[in-house]
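Every number in this text was worked out from the coordinates using simple rules, so none of it is lab data. As the structure is a prediction and not an experimental result, all values here were calculated from the model.
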Amino acid sequence: MKQYKKGLLCIMVLSAMSLMAADSKTIYVNTFDDEAGENSSKCSLREAIIAAQKNTSFGGCSAGRTGVGQVDEIQLEAGTYKLTRGELSPESPIRILGKSRNNYEIKSSFTNEYPEFEEIKTVIDAQDGSSRIFNTAVTRVNLELNNIALNNGSAKDYGGAVYAGGNFAMSNGAILNSSAAKA
């Protein structure tokens, strides 16, 4: 009887571990190009947002978290993501993470402790300033950005870099060179 209890406990633990692993799926962006399904070997920021919305793989991106109501997490690398196809309009709640600004090899000049807080390494750029970067006014979804700079966003009416219809949060980031004609 003890053998059966141990086996059952083992199965329960393994099941719980697999469920936790399924819950922590992150969509990793591996190209700076603004693609929309053309290249199945690369995952762009736009494709990652579409994959998060559809809860299926799209372009070169994985499905992410497919459970109802879960916030999808998109991981970007250091560099500049140039938007050439207009603004991004997420239709499901997402959290976009830039490259960490913490450098654990250098002590902070303020606290004399690790890590040193460095400049922003990940930038999303609307290039010529002809469009916004994010628009959630219609979809009203939550958008969270961490360690990201938004550059050259522009709008003829409202919003500038971000026109938020849902909750918008930005941590350790910046909005640069952006404008809106009205507000």
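Structure notes:
- Directionally averaged projected area (the chain, Cα convex hull): 14.8 nm².
- Close amide H contacts of ALA63 (hydrogens built in the peptide plane, cut-off under 5 Å, sequence separation of 5 or more or a different chain): SER57.
- Between 0 and 90 degrees, the angle of helix 45-54 with respect to the longest Cα principal axis of the chain falls at about 50 degrees.
- Residue-by-residue Karplus 3J(HN,Hα) for region 108-117, coefficients 6.51, -1.76, 1.60, Hz, glycine and proline x: 5, 6, 8, 9, 6, 10, 7, x, 7, 8
- Candidates ASN151, ASN103, ASN142: whichever shows maximal mean-square fluctuation once the chain is modelled as a Gaussian network with Cα springs under 10 Å: ASN103
- In order along region 125-142, the phi-based Karplus estimate (6.51 cos²θ - 1.76 cosθ + 1.60, θ = phi - 60°) of 3J(HN,Hα) comes to 10, 7, 6, 7, x, 9, 8, 5, 9, 10, 9, 10, 5, 7, 7, 6, 8, 7 Hz; Gly and Pro are listed as x.
- Plainly put, region 53-143 has a radius of gyration that is 1.06 times its Kirkwood radius, both from alpha-carbon atoms, as the Rg/Rh ratio.
- Taking amide H as placed 1.01 Å from N in the peptide plane, GLY79 has its amide H under 5 Å from the amide H of THR122, VAL123, each at least 5 places away in sequence or on another chain.
- Whichever aspartates and glutamates have a C-alpha closer than 13 Å to that of LYS182, once near sequence neighbours (fewer than 8 apart) are set aside: ASP157
- Near the amide H of MET170, within less than 5 Å, lie the amide hydrogens of LEU145, all on another chain or at least 5 residues away, with H placed in the peptide plane.
- The chain: most fluctuating residue of LYS54, LYS121, LYS107 per GNM, C-alpha cutoff 10 Å: LYS107
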